[in-house]
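The values are calculated or read from the model by the stated rules, or taken from the named source; none is laboratory data. Computed from a predicted model, the values in this text were never measured in an experiment. Every residue, glycine as well, gets a Cβ built from its backbone with ideal geometry; the counts of neighbours run over all protein chains shown. Heads up: the accessible areas ignore ligands, DNA and RNA and are worked out on the full protein's heavy atoms, side chains in. Shrake-Rupley method; radii C 1.70, N 1.55, O 1.52, S 1.80 Å.
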Amino acid sequence: RGYQAALQDAGIAFNPALVVPGEYHEVSGLLAVNRLLEQQQRFTAIFAANDQMAIGAALGLQRRSLRVPEDVSLVGFDDLPTSVYAIPPLSTVHQPAYELGRLAASAMLQLLAGEVPSVVMPPPNLITRESSRRLRG
């Protein structure tokens, strides 16, 4: 839904063929890229559901002689410690896992006490590294 909303805000038509479901591991990202390329889908960027899928996608792109970010920008989600060591270092969305866990525990304790939980989720933070760049047109 967020992807569709961002496209709509940018005046870009949604193409459901560019959305490939995955299983949140490296092989899944590799297979998703292969599927897009075999279907001859044109794209300039990939936003993967997590960093592991993004790393698999990077391998799939490299095997097809596509360069990250020159040909395809790549962004993951989770900001895993290893993402900074990917080649190139992976742009990713950071979610503060410790803080999310603390908030979830607090909400659970509020529920157990018969209260309505009041939780303010911290916003995600885009960590821009070398795997992404602005589209040049």
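One line per residue, one yes/no per condition, for (1) hydroxyl-bearing (Ser, Thr, Tyr); (2) within 26 Å of residue 40 (Cα to Cα):
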position: 59; (1), (2): no, yes
position: 64; (1), (2): no, yes
position: 75; (1), (2): no, yes
position: 91; (1), (2): yes, yes
position: 95; (1), (2): no, no
position: 109; (1), (2): no, no
position: 117; (1), (2): no, no
position: 122; (1), (2): no, no
position: 127; (1), (2): no, no
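Do you know which residues across the range 40-66 are in contact with a His (Cβ under 8 Å, 6 or more places away or on another chain) and either open to solvent by 30 Å² or more (accessible area, probe 1.4 Å) or among the aliphatic types (A, V, I, L, M) (or both)?
The answer is 52, 53.
Going through the range 67-124 one residue at a time, which ones are farther than 26 Å from residue 135 by Cβ and surrounded by 16 or more Cβ atoms within 10 Å (Cβ to Cβ)?
103
Select the strands (runs of 3 or more DSSP E) contained entirely in the range 73-137, then report the ones holding at least 1 residues which are over 15 Å from residue 50 (Cβ atoms).
Per the criteria, 73-77, 125-127.
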